[in-house]
Amino acid sequence: ADCIIARNVFEDSGGIDTVLRLAQKVTIENNVFIRPSNNYAVRNIVRLDTSDTVLRHNSFLSTDRVAVTLSNIQADASLDARQNYWNTTDPNVIRQMVHDAADDLSIARLIPFEPFLTAPHPDTPDS
């Protein structure tokens with residue numbers, strides 16, 4: 001079934017992995033991610049059919065590490081990371097927080113992150 005993960009603060013926690021099939025949709029919105037304890041905050045491992053993982057209005061506050069990534073397990077994995085706050089307005093810093101085909105040739109897709117928010121979304125909790 002579809003899933004919504006909303007209005008949480010994830011601090012020093014493991015990342016969220018999504019594995020989707022049969023036109024499922026995971027929406028991750030209005031969450032705060034601070035210092036993920038593994039290599040990412042959100043990762044899509046597998047996407048089959050027309051499934052989608054969409055990130056909207058989240059705040060990724062740790063600019064020194066990867067926030068979102070795709071697995072190289074399956075070529076169809078994808079994430080939509082537009083309209084999030086990255087704790088910076090520098091697209092080069094945000095690009096370093098996004099791990100996708102631009103960083104790893106074994107990953108088939110790019111993760112769109114522009115346009116991005118220049119301040120935290122008002123419906124997202126304060127850290």
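The values are calculated or read from the model by the stated rules, or taken from the named source; none is laboratory data. Just so you know, these numbers come straight off a predicted model, no measurement behind them. Every residue, glycine as well, gets a Cβ built from its backbone with ideal geometry; the counts of neighbours run over all protein chains shown. Calculation scope for accessible area: heavy atoms of the full protein, side chains included, ligands and nucleic acids excluded. Shrake-Rupley method; radii C 1.70, N 1.55, O 1.52, S 1.80 Å.
Across the accessible surface of the chain, with the other protein chains kept in place and a 1.4 Å probe, carbon and sulfur atoms take up 47 percent. Contact order for the chain, expressed relative to its length and based on alpha carbon pairs under 8 Å spaced 6+ residues apart, stands at 24 percent.
Is segment 6-47 rounded, prolate or oblate when judged by the Cα gyration tensor, a ≥ b ≥ c being the square roots of its eigenvalues, rounded requiring a/c under 1.5 and prolate requiring a/b larger than b/c? Here segment 6-47 falls in the oblate category. Test of understanding: given the chain, find the longest segment containing no trypsin sites (Lys or Arg not before Pro) that are in a DSSP loop and have at most 13 other Cβ atoms within 10 Å. Counting at most 13 other Cβ atoms within 10 Å as exposed, the longest clean stretch of the chain is 22-127. Summing Lys and Arg as +1 and Asp and Glu as -1 over all other residues whose Cβ lies under 15 Å from the Cβ of THR88 gives a net charge of -1.
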